[in-house]
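Engineer: Below you will find the structure I want to go over with you.
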Amino acid sequence: MKTTDSVLEFLEVNKGRYVSGGEMASMLGVSRNAVWKSIKQLESKGYPIDAVTNKGYRLNENNTMLSAAGIRKYIKSDKIRVEFRDCVTSTNTLVKEMAENGKEEGYVLVASEQTQGKGRLGRRFESPSGCGAYFSILLRPQLSPSDSLLITTCAAVAVAKSIEKNTGRMTSIKWVNDIYMRDRKVAGILTQAAFDTECGKLSFAVLGIGINMYYPTEEMPDEIKDIAGSVFNEKPDSETVSRIIADTINFFMEDYNSLTGKHFLFDYKSRSYLDGKNINVIKPSGIFKAQALGIDDDFRLHVRYEDSAEEFLSTGEVSTKVSEEKN
């Protein structure tokens, strides 16, 4: 670990109190001058560090800059390894490349900006700097292709519970992978998997999660202004964002090793956003008006069409904007 990263981690762990340069130098096994240089480098990146003579340094409690150390201190599993980067093309793209090159399960890449964020069906996921938290988790589950949906549905519950825990406000899940608050989409999930044809199971899966923490409507592209929203009404501090990221990972990992047990089924069903709503079911053959009746025990969406025919959807796309073709 670089000295700058070690100093930042030390400040994160000791947030709220001043730490002398000598104490940090002694604990990290570096010179006081190296600590001072690291402090200056962190300040140049935007980290607000308070410095007081004869007291030392502390990371300002109103800091809005994320760090791996700030997230890591709330992670419960020792299998999770967090890396943070300011800006990436796509966390999913990078983690997928790492997976293909043998990276171990439990690696998490977090970014505060994506220039080529990925959404479902080849769409772009808007990921501007400072507006959200975007992260991908590398998994190597022992799952069959037919059970791969359990990763996404479990993650949806984890995101919902984490937001609720850290805001005190309720969320809902729009089948199959979007998190809503106040009738606005505040988070999306994209799971990309590779299959081992010899054993018939997943070789790896990359679980990508994007959460809009504070994304002012006036800054959103026109195509998402009527859909997207934010978890917060003002920019949250890094501590809050770090807790939401870490708690999402913690909640997910609680059920990860027993996904087929579907212990999160009730939590998913009870948050279903579409129940009773009139929707469009969007298929290659056309757009069909229907009513969403609920989620079944296999996480399928039960719908009834205008001609009274019913169907259980395992995959696909639906929209609550009945006059529009896509959501």
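The values are calculated or read from the model by the stated rules, or taken from the named source; none is laboratory data. Quantities reported herein were computed from a predicted structural model and do not represent experimental measurements. Cβ sites come from the backbone with ideal geometry, for glycine too, and all protein chains shown count toward neighbours. What goes into the accessible areas is simple: the full protein's heavy atoms, side chains included, and nothing from ligands, DNA or RNA. Shrake-Rupley method; radii C 1.70, N 1.55, O 1.52, S 1.80 Å.
Engineer: Find the residue count for segment 152-193, including only residues that are at pLDDT 95 or above, of a type in the set (A, V, I, L, M, F, W, C) and either farther than 17 Å from residue 132 by Cβ or out of contact with any strand residue (DSSP E or B) (no Cβ under 9 Å at 6 or more places or on another chain) (or both).
Structural biologist: 5
Engineer: So if I check each of 126, 104, 97, which one is assigned to a loop (DSSP other than H, G, I, E, B), over 28 Å from residue 231 (Cβ atoms) and out of contact with any strand residue (DSSP E or B) (no Cβ under 6 Å at 6 or more places or on another chain)?
Structural biologist: 104
So that you can scan it fast, the table gives a plain yes or no per residue for (1) at negative phi; (2) part of a helix (DSSP H, G or I); (3) open to solvent by less than 10 Å² (accessible area, probe 1.4 Å):
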position: 130; (1), (2), (3): no, no, no
position: 154; (1), (2), (3): yes, yes, yes
position: 163; (1), (2), (3): yes, yes, yes
position: 176; (1), (2), (3): yes, no, no
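Engineer: Now a separate question. Read through the list (1) more than 23 Å from residue 257 (Cβ to Cβ); (2) among the hydrophobic types (A, V, I, L, M, F, W, C); (3) open to solvent by less than 10 Å² (accessible area, probe 1.4 Å), then give the number of the only condition that residue 84 fails.
Structural biologist: The number of the failed condition is (3).
Engineer: Same structure, new question: Of everything in segment 42-54 that's within 20 Å of residue 65 (Cβ to Cβ) and open to solvent by 90 Å² or more (accessible area, probe 1.4 Å), which residue is farthest from the chain's Cα centre (by Cα)?
Structural biologist: The selected residue is 44.
Engineer: Considering only segment 305-312, I want to know if a residue exists there that is buried (at least 19 other Cβ atoms within 10 Å of the Cβ) and either more than 28 Å from residue 140 (Cβ to Cβ) or in contact (Cβ under 8 Å) with a residue 24 or more places away in the chain (or both).
Structural biologist: No, segment 305-312 has no match at all.
Engineer: Within segment 59-94, which residues are among the polar types (S, T, N, Q) and part of a helix (DSSP H, G or I)?
Structural biologist: Result: 91, 92, 93.
Engineer: Exactly one condition in (1) crowded, with 16+ Cβ neighbours inside 10 Å; (2) farther than 21 Å from residue 321 by Cα is not met by residue 198; state its number.
Structural biologist: For residue 198, the exception is condition (1).
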